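The values are calculated or read from the model by the stated rules, or taken from the named source; none is laboratory data. Every value quoted in this text rests on a predicted model; they were computed, and no experiment measured them. Quick reminder, even Gly has a Cβ in these numbers, built from the backbone with ideal geometry, and neighbours come from all protein chains shown. Note: accessible area is taken over every heavy atom of the protein model, side chains too, but ligands, DNA and RNA are not part of it. Shrake-Rupley method; radii C 1.70, N 1.55, O 1.52, S 1.80 Å.
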Amino acid sequence: MTNIILLGPPGAGKGTQARRLVEERGMVQLSTGDMLREARTSGTEMGRRVAAVMDRGELVTDEIVIGLIEEKLNGAHAGGFIFDGFPRTLAQADALGALLDRHGLKLDAVIEMQVDDAALVSRITARSTCGNCGEVYNDLTKPIPSDGVCTSCGEKAEFKRRADDNEESLRQRLMEYYKKTSPLIGYYYAKGNLRTVDGLAEIEDVAKDIAHLLG
Ligand code: AP5
């Protein structure tokens with residue numbers, strides 16, 4: 001069983017690679033971004049509270065996201081967990097460490113996906129996802145099929161764009177990443193967990209690099 005964190009700025013490709021690891025290795029993806037978007041869609045009180053914060057590209061409080069992860073992490077899973085977009089602050093990283101300890105789990109690797117900011121704008125503004133299964137598309141590199149049938153789930157789907165996928169929110173998301181999340185690189189380096197991959201490589205090549213790291 002392998003438990004990993006995918007760490008990187010918005011658009012680094014965390015979700016894209018996480019979905020592959022779920023399919024190829026039977027891992028469980030825990031994406032706090034997806035959980036928060038689900039709360040918004042289902043109209044929960046928490047979902048309403050976080051909506052404007054997310055649209056502005058700011059981070060939701062530690063308390064909320066730690067609570068979401070606590071709910072989902074009930075014990076070991078044979079395939080292991082992928083933490084996607086969590087932790088994002090030092091407080092979240094400490095909380096995750098304590099939670100894993102409590103369940104007798106260990107963190108095997110923190111994979112930093114290195115990208116350069118210039119690539120992120122076009123990746124983010126060109127992104128869409130299948131409303132049925134969440135498969136990630138990109139107008140430039142992986143366009144929506146012309147027949148509207150998702151290549152992953154095989155369903156005729158509605159393809160959605162995120163409210164925070166615009167240049168202004170992205171600028172704020174990047175600022176949040178550099179101020180609050182990038183210190184985690186040093187944190188996990190010091191713990192001996194940090195590994196890096198070139199997130200600017202082709203999707204297939206990034207996947208191969210991650211597979212190589214996981215053995
Ligand atoms: P979240 O949903 O986690 O968004 P994010 O971190 O900004 O990351 P993204 O989902 O935008 O990017 P990604 O790295 O997954 O890239 P993807 O694979 O889609 O968070 C959203 C918001 O929720 C936050 O702003 C915050 O408000 C809140 N939140 C979430 N977690 C929180 C936490 N822990 N604490 C506090 N607040 C939290 O790829 C992007 C595009 O690029 C796609 O179109 C894809 O096809 C393309 N692409 C991917 N890889 C490649 C490649 N190698 N080459 C070319 N194109 C590629």
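The apolar share of the surface of the range 45-173, taken as the fraction of accessible area on carbon and sulfur atoms (1.4 Å probe, ligands and nucleic acids excluded), comes to 48 percent.
When shorter helices are ignored and each DSSP H run of at least 4 residues is given -39500 (n - 2.57), the per-residue value for the chain at 222 nm works out to -14000 deg cm²/dmol.
Across all directions, the shadow cast by the convex hull of the chain built on its C-alpha atoms averages 11.4 square nanometres.
Expressed as a whole percent, how much of the Cα-Cα distance distribution for the range 118-215 exceeds 23 Å? Every Cα pair in the range 118-215 considered, those over 23 Å come to 45 percent. Spherically averaged projected area of the convex hull of Cα atoms, the range 1-62: 5.1 nm². The amide H of residue 7, built 1.01 Å from its N in the peptide plane, has 111, 112, 113 as neighbours under 5 Å, considering only residues 5 or more places off or on other chains. Between the range 20-51 and the range 104-173, the C-alpha centres lie 14 angstrom from each other.
Counted by Cβ distance under 14 Å from residue 167, the other residues give a net charge of +2, where Lys and Arg count +1 and Asp and Glu count -1. Farthest toward the positive end of the dipole of the chain, out of 9, 113, 43, is the Cα of 43, where the dipole comes from beta carbon charges about the Cα centre.
For the range 158-207, what D do you get in µm² per second when you plug the Kirkwood radius from alpha-carbon pairs into Stokes-Einstein at 37 °C and 0.692 mPa s? Taking Rh from Cα pairs, D becomes 241 µm²/s. Each Lys and Arg Cβ is given +1 and each Asp and Glu Cβ -1; about its Cα centre, the range 28-186 then shows a dipole of about 140 debye.
Taken along the Cα-to-beta-carbon direction at a fixed 7 Å, the label points for residue 46 and residue 203 span 3.0 nm.
Residues of the range 10-57: accessible area per residue at 1.4 Å, in Å²? Value for the range 10-57: 47 Å² per residue.
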